[in-house]
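Quick note: the coordinates plus some simple rules give every number you see, no bench work behind them. Since this is a predicted model, take the numbers as computed values, not measurements. With ideal geometry, Cβ positions are generated from the backbone for all residues, glycine too; neighbour counts draw on all protein chains shown.
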Amino acid sequence: MNSGGLHSLATLIKRLEAAALRFEDIADLPLALDPSANLNRGNSAARSSYQAPAPAPTTPAAAPTVVALTPTPSAAPLDTPPSILEFKAQILDDKLKAFVEFTKSLAAPSLIEVVSLVQKQYDLLLSFLTLAAACQKPDQKTLEGLLGPLAQSIEAVSRAKESYRRDRDWFSHLTLLGEGGPVVGWVVHPKPVQSIIDIKDSVVYYGNKIKKEYKEKNPKHAEWVNLYMAILDTMQAYVKQYHLTGLAWNPKGMTFDQYKAGSSGPSAGSAPQAPPPPPPPPPAAAAAATPAPGGGPGAVFAQLNRGEEVTKGLRKVDKSEMTHKNPALRASSVVPASPASSPVGKKPLKPTKPQALAGKKPAKFLLDGNKWLIEFQENETLTVEDVSLSQSVNIFGCKGATIIIKGKVNAVNIINSVKTSVLVQSVVSAVSVTASPSFQLQITGSAPMIQLDSTDSGQIYLSKDSLTAEITTAKCSAINISLPVEGEEDGVFEEQAVPEMFRTVVKDGKLVTTIVEHSG
């Protein structure tokens with residue numbers, strides 16, 4: 001190709017490029033004049049399926065149709081209240097974000113997972129506070145439904161803590177988060193500030209325990225505790241400023257139904273959704289209430305679909321008419337008709353015991369004031385440490401658990417526990433065992449008194465320092481006491497049974513009771 005041809009080709013390409021740029025400018029011109037033009041052009045197919053058909057094919061679709069699909073200003077607040085902005089800025093973006101990032105750089109995966117659940121708690125709390133700032137207070141049933149996600153988040157933190165109980169290196173940290181999880185429940189308290197203070201007291205206890213344990217090992221653990229406490233302190237100050245006497249709703253705001261409709265409606269920049277399908281035709285009530293004529297499956301299902309009406313014609317069967325309770329009736333295979341002609345009044349059904357419907361209760365292992373509460377533990381081995389003389393240990397509803405108490409406590413109470421073993425060093429007052437069959441109790445130090453009540457099958461191991469203990473029994477059986485053998489090494493015991501049979505006689509106007517001894 002000669003130089004003239006190349007020149008003509010280059011000129012042609014430049015002219016095509018200029019024409020393309022011109023077309024692009026013309027296409028962008030309506031977008032600059034009308035922002036909704038892009039929406040109308042991009043969603044023409046969706047809008048054509050939504051709008052009613054035009055009277056004539058040549059009539060263009062009207063632009064205001066898209067505007068009608070957007071939520072009205074009354075359905076979605078335009079301005080975010082200052083209380084919501086401050087909650088997001090001071091608690092979520094500042095304190096909580098720093099705590100989450102620090103945890104990721106310090107902790108194990110178990111603790112990171114629980115912290116992520118805590119973060120979700122505060123996100124749910126922000127959503128709830130946003131709703132309260134925009135809406136009037138709903139009715140009680142609606143309010144309970146709105147509080148459901150918060151309650152589930154508290155339970156999720158508690159379950160995650162229990163699932164990582166075997167992670168001993170981080171269990172104190174997990175317990176701290178479990179104790180602080182219910183803090184988001186201040187929204188239901190009439191005195192929310194006090195509720196936060198009460199939860200902080202429990203968190204401070206475990207926080208001090210972590211600081212003491214890692215004071216020499218790793219000071220970052222103390223910083224982790226301080227970061228979490230900063231979240232609670234900021235929350236307390238926030239609640240004191242905006243919700244001092246309880247959660248503040250908006251008395252001049254919209255109703256919850258309006259808020260829900262506005263938040264769930266399509267936005268101005270989204271494609272219009274297809275209209276909902278038409279409602280189903282009304283059910284044929286008469287056909288369902290009356291049986292179908294003739295036989296066949298239709299008549300059977302029509303009878304069954306009557307609900308409680310299906311059992312209306314049945315009568316109560318008397319015990320005299322029951323073949324499984326009367327051999328004579330089984331022999332004759334004939335049940336006589338009931339002579340009673342008058343209708344017999346229905347007896348009330350025996351109510352089902354609540355225990356039959358109740359699910360498995362959550363396990364508990366915590367210090368409440370001066371009381372260690374160990375409840376509903378199954379096949380677990382727990383160690384109670386850092387005890388004091390003023391503290392007592394209460395064990396309730398456990399099954400197959402082993403409790404080790406290191407140190408000297410005021411008292412130990414074992415109640416309604418099955419196959420539970422307790423190893424305690426020393427007790428100031430007494431060890432009490434009530435309604436706890438197949439228990440095992442070993443005292444390695446001293447104990448002045450052991451009380452047994454309504455308990456069968458138990459084993460007690462005493463040390464040399466606890467031989468002076470006074471043992472009282474009431475309504476007990478199969479209780480054996482193992483005593484250390486003098487002159488033998490530790491761990492060698494001699495088992496002796498507690499007497500169960502007694503003889504009582506009247507002597508000089510008084511009852512005299514002695515133990516019945518068997519010899520031979």
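Numbers for the structure displayed
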| quantity | calculated |
| --- | --- |
| Estimated vicinal HN-Hα couplings, Hz - segment 249-257 in sequence order (Karplus 6.51, -1.76, 1.60; Gly, Pro = x) | 8, 9, x, 9, x, 7, 7, 5, 4 |
| 18 Å Cα-Cα reach of residue 252 towards aspartates and glutamates, excluding residues that sit fewer than 8 places from it in its own chain | 79, 139 |
| Calculated from backbone phi, Karplus (6.51, -1.76, 1.60) coupling profile of segment 149-161 in Hz, x at Gly/Pro | x, 5, 4, 5, 5, 5, 5, 5, 5, 5, 5, 5, 4 |
| Too-long pairs where the Cα-Cα distance tops 23 Å, listed order kept, from 220/406; 200/220; 161/260; 95/240; 161/200; 104/211 | 220/406; 161/260 |
| Placed amide H near residue 399: partners under 5 Å, 5+ positions off or other chain | 377, 378, 379, 418 |
| Residue-by-residue Karplus 3J(HN,Hα) for segment 478-487, coefficients 6.51, -1.76, 1.60, Hz, glycine and proline x | 6, 9, 10, 10, 9, 10, x, 7, 5, x |
| Charge tally in the Cβ shell below 14 Å around residue 199, where Lys, Arg are +1 and Asp, Glu are -1, residue 199 excluded | -3 |
| Separation of the residue 80 and residue 383 label points, Cα + 7 Å toward Cβ, nm | 4.8 nm |
| Other-chain or far-sequence residues with amide H under 5 Å of residue 479's (modelled H) | 457, 458, 498 |
| Cα centroid separation - segment 196-247 against segment 370-389, whole Å | 24 Å |
